[in-house]
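Single-structure report; data block below.
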Amino acid sequence: MAFIKVDEGENLEKTIKRFKRMVEKEGIIREWKKREYYEKPSTIKNRKRKALERKIQKKMRKLQNMKNY
């Protein structure tokens with residue numbers, strides 16, 4: 001859980017920026033968006049499998065480009 005201690009006389013906009021940075025760092029918004037709608041387990045499995053395939057393809061392209069030099 002993110003919380004910010006506000007000092008007396010501190011600028012409100014600066015405090016809000018610090019809070020936003022902390023929330024983003026902890027991944028709260030990302031997690032909320034991920035859980036906003038129900039996702040079937042099979043859909044999660046397929047999404048992760050496709051992400052892994054893309055990662056492998058990217059790695060293979062990178063290796064192929066290195067060999068061409």
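The values are calculated or read from the model by the stated rules, or taken from the named source; none is laboratory data. Predicted model only: the values in this text are computed from it and were never measured. Here the Cβ is made from the backbone with ideal geometry for all residues, glycine too, and neighbour counts use every protein chain on show. Each accessible area value is taken on the protein alone, full model and side chains, heavy atoms only, with ligands, DNA and RNA left out. Shrake-Rupley method; radii C 1.70, N 1.55, O 1.52, S 1.80 Å.
Structure above, values below:
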quantity: Exposure of Met60 as accessible area (Å², to 10), given a probe of 1.4 Å and all protein chains; calculated: 110 Å²
quantity: Selection from Met22, Asn68, Leu52 lying farthest towards where the dipole of the chain points positive, charges on Cβ; calculated: Asn68
quantity: Accessible solvent surface per residue of the chain, calculated while the other protein chains remain in place, 1.4 angstrom probe, Å²; calculated: 109 Å²
quantity: Residue-averaged [θ]222 nm for the chain, counting only DSSP H segments that reach four residues, each worth -39500 (n - 2.57); calculated: -24000 deg cm²/dmol
quantity: Lys, Arg +1 and Asp, Glu -1 on Cβ, resulting dipole of the chain about Cα centre, debye, nearest 20; calculated: 960 debye
quantity: Accessible surface of the chain, 1.4 Å probe, proportion on carbon and sulfur as whole %; calculated: 57 percent
quantity: 14 Å reach of a label modelled at Ile4, 7 Å along Cα-to-Cβ, counting backbone N of the range 26-42; calculated: 26
quantity: Ranked order, Leu52, Leu12 - accessible area, probe 1.4 Å, largest first; calculated: Leu12, Leu52
quantity: Largest to smallest accessible area among Thr43, Thr15 [probe 1.4 Å]; calculated: Thr43, Thr15
quantity: Added length on full extension, which subtracts the Cα-Cα distance from 0.36 nm per residue, Asn65 to Lys17; calculated: 13.2 nm
